[in-house]
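Any read-out appearing in this document is the output of simple, stated calculations on the displayed coordinates, not a laboratory observation. Source: prediction; values computed, not measured.
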Amino acid sequence: MLERYFAGEREEFDLPLAPAGTGFERRVWAALRTIAYGQTRTYGAIGRLAGGSPRAVGQAAGRNPIPIIIPCHRVVAAGDLGGFSAPGGIAAKRALLALEGHVFEEDLFGATGGDVGADLMKGEARA
């Protein structure tokens, strides 16, 4: 399933999910699942949907137990990429967004490095 995502052959995951988390975390994760492949939303926009602050959304995204499936990489700050706690950090987030078709100005976000797909496929990632 994830192999097809990293090969650019899968854009959606239609799976029944019930990750353990607080009510707020589950609302954030549900809101993240509404962000389409190739799209982004700000932490503030997700906060308005889930009933919390941008910072609380970032914390909930950081506790996402199934990144990629619950696409926390698609949530960005108002003026930059924001954070990402998966292996590779911001470079990994940037690479995932680039895989989905985003184009970035190198001087604003820096260069991508590493094999993000391989790291995430090992199950080492957290959103």
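If a/c stays under 1.5 just call it rounded; otherwise compare a/b with b/c (prolate if a/b is bigger, oblate if not). Do that for the range 1-97, with a ≥ b ≥ c from the square roots of the Cα gyration tensor eigenvalues. Judged from the Cα gyration tensor, the range 1-97 comes out oblate (a/c at least 1.5, b/c at or above a/b).
Close amide H contacts of Val76 (hydrogens built in the peptide plane, cut-off under 5 Å, sequence separation of 5 or more or a different chain): Arg41, Thr42, Tyr43.
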